[in-house]
Amino acid sequence: MARETPYQPGRDLLTCWFAGLATLDVIHRATRPERDQKVTAARQDVSAGGPAANAAVTAAAMGVRAVLVTALGTSAVGAAARADLERHGVEVHDVGRRDHSLAVSAVLVDEATGERSVVSADGALTQVAAPGTEELAALPVPDVVLLDGHHPAIARAVLAYARTLRARPPVVLDAGRWRPVFADLLPAADVIARSAAFRVPDGREGWYAGLPGATVVTHGSGAVEWWHRDAAGTVDVPAVTAVDTLGAGDAFHGALAVAVARGAELPAACAEAVRVASLRVQHIGPRGWLTELAPPAAGGDEPVARALPATRAARAVAPGPAAPDGASAQAGGSVRSAADASSVPAVSLGSALPDSSSARAVPPELLDRARGLAAAGEGGPAILGITGPPGAGKSTLAAGLAAALGPDLAVVVGMDGFHLANVLLEARGSRERKCAIDTFDDAGYCDLIRRIAEARPGDPPVLAPEFRREIEEPVAHAVVVAPGARLVITEGNYLLAESGQWPRARAYMTEVWYVDLDDDVRLERLVARHHAHGKTLEAAREWSLGSDQRNAELIAGTRHRADRHVTL
């Protein structure tokens, strides 16, 4: 997403957020041992590690304000990691509990090849709670947000908060290894950066085709590929001698985020990331290279961005041979003068998403109205319904309102939590019509809304189900509606339907808003969403124009019953 005014070095301090994993790395440089052999290390380093943490260190060295939202805790291990991060200019916002157990990574860098091997628990051993809206609002406003997905609660909270900002920052996703949370993050990313070794469950290599964001793919020592809509190209990787590949991918992502924040077009952002990662691999140790990190000299030799035929952007590229994760810009390739790159098209990230920043932000008048509903409730909570056709932005608006109002005031309860289970749909022969009006438990949903409406302070919490896209099933008791909640936001397709138990549920709602969106944009989103969740591009289009469209037509017939029409 391009900035409105050009970045001016020395006069404009940008803020970059990095949300995700931090570890403490114990790094040994040694000859790779044989089986059951002990070797003596030639060098040992101890530093903070992890994708988000290393990217933040890189960004700080590039002269921006780097804020790391992570979980460290107050143990000796956490304190050591924090000290290293702060020593290198990173501002740490720690959301971990005091007893958080920070992962310690054992790293071996092969002295002969510079390749690294890592054993780490990452973030898998401990649960990390989501940061609150007030916590995030107290931080400096970001010009870009990088997510690595290692702490799903952090990623979702930061993404939801970013969507509430009027000047919505671009989101860069570091897609290292597949994680279930990526099903939520991929459609929201403006730039998806991944290596050619990336794999998804069930061998679905084409998961990213059709997503609205730009894609950047690294191939180890090979050229970096990029594509966005109808434009595509490559960036050559310079021929350098790689002596230490640890954290090269993280350096690439940190530099890419900084370049995006500075308003660089996509090819130029990739070229800057290649330059930085190539510098990283030429130095031994995790931090010594940072002192040499500086912007490229004007007119000097830089990685070259080249255009490809437009058809390249429309097809999914099957991952190539597995390369070490993180070896984004290693030795190999050729260096060509930047003057040769005149044929590269300007590719702005400002339109990377079909729903632009103005659509993603919560309009002030809607936020004010939601606050008014919360304040006006007597006894029990106000219940705000948000409805509209599939892909219109109901869940985005609901999440944005809840994030802006804060967890103490608002909570979201989705109608999708009342999907009938797949096993029941299959038994009824309705699996291929999932999301149709008769594939929901309308009576159960009505009962939940009644219990929420009738709850009073001092009553026990109301537990609600939540639909999880990564498993395509509802999960019981996943949402807690505290008795003190002042506004419950419920979103779904059929809140204004006149059949079944839907009218009874509507009677308990204070207001219902109907979300409108241009049909072409809505269908584009739907196709991207279904494809991100595992359907082939052809199947995603068929579903969007078939079952989803029939549902959309039914829902459009309920539009006139809404209290307010919202256009995104």
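Close Cβ contacts (under 7 Å, 6 or more residues apart or on different chains) running from residues in the range 446-460 that are open to solvent by 60 Å² or more (accessible area, probe 1.4 Å) to residues that are at pLDDT 95 or above comprise ARG450/TYR508.
Applying the criterion of being part of a loop (DSSP other than H, G, I, E, B) and open to solvent by less than 100 Å² (accessible area, probe 1.4 Å) to the residues of the range 30-44, the residue that is farthest from VAL243 (Cα to Cα) is GLN37.
Contact map, the range 87-108: first residue under 22 Å from LEU136 (Cα atoms), second residue at pLDDT below 85 and open to solvent by 50 Å² or more (accessible area, probe 1.4 Å), Cβ cut-off under 8 Å, separation 6 or more or different chains; pairs are VAL95/ALA129; ARG97/ALA129. Remark: pairs (first residue in the range 545-563, at pLDDT below 95; second residue assigned to a helix (DSSP H, G or I); Cβ separation under 6 Å; 6+ apart in sequence or on different chains) = SER547/ARG433; ASP548/LEU526.
Residues of the range 64-94 that are part of a loop (DSSP other than H, G, I, E, B) and under 22 Å from GLY132 (Cβ atoms): ALA71, LEU72, GLY73, THR74. All conditions in (1) open to solvent by 30 Å² or more (accessible area, probe 1.4 Å); (2) not in a strand (DSSP E or B) hold for GLY400, with the sole exception of (1). Considering each residue of the range 85-97 in turn, at least one proves to be open to solvent by less than 10 Å² (accessible area, probe 1.4 Å) and either at pLDDT 90 or above or among the aliphatic types (A, V, I, L, M) (or both).
Inclusion of ALA137 among residues that are over 21 Å from ASN54 (Cα atoms), at pLDDT 85 or above, open to solvent by 20 Å² or more (accessible area, probe 1.4 Å) and not β-branched (Val, Ile, Thr) is warranted. Taking the range 175-190 as the range and being open to solvent by 10 Å² or more (accessible area, probe 1.4 Å) and touching a residue at least 24 places away in the same chain (Cβ under 8 Å) as the test, the residues that pass are GLY176, ARG177, ARG179, PRO180, ASP184, PRO187.
Take the conditions (1) assigned to a loop (DSSP other than H, G, I, E, B); (2) among the hydrophobic types (A, V, I, L, M, F, W, C); (3) at pLDDT below 90; (4) open to solvent by 10 Å² or more (accessible area, probe 1.4 Å); TRP227 misses just one of them, which is (1). For the range 461-471, a tally of residues being in contact with a helix residue (DSSP H, G or I) (Cβ under 7 Å, 6 or more places away or on another chain) and open to solvent by 60 Å² or more (accessible area, probe 1.4 Å) returns 3.
If only residues of the range 140-152 that are out of contact with any Cys (no Cβ under 9 Å at 6 or more places or on another chain) and farther than 17 Å from ALA53 by Cα are counted, the one that is least open to solvent (accessible area, probe 1.4 Å) is PRO140.
The values are calculated or read from the model by the stated rules, or taken from the named source; none is laboratory data. Just so it is clear, the structure is predicted and the values come from calculations on it, not from any experiment. Because the Cβ atoms are built from the backbone with ideal geometry, glycine has one as well, and the counts that use them run over all protein chains shown. Surface areas here come from the heavy atoms of the whole protein model, side chains and all, with no ligands, DNA or RNA. Shrake-Rupley method; radii C 1.70, N 1.55, O 1.52, S 1.80 Å.
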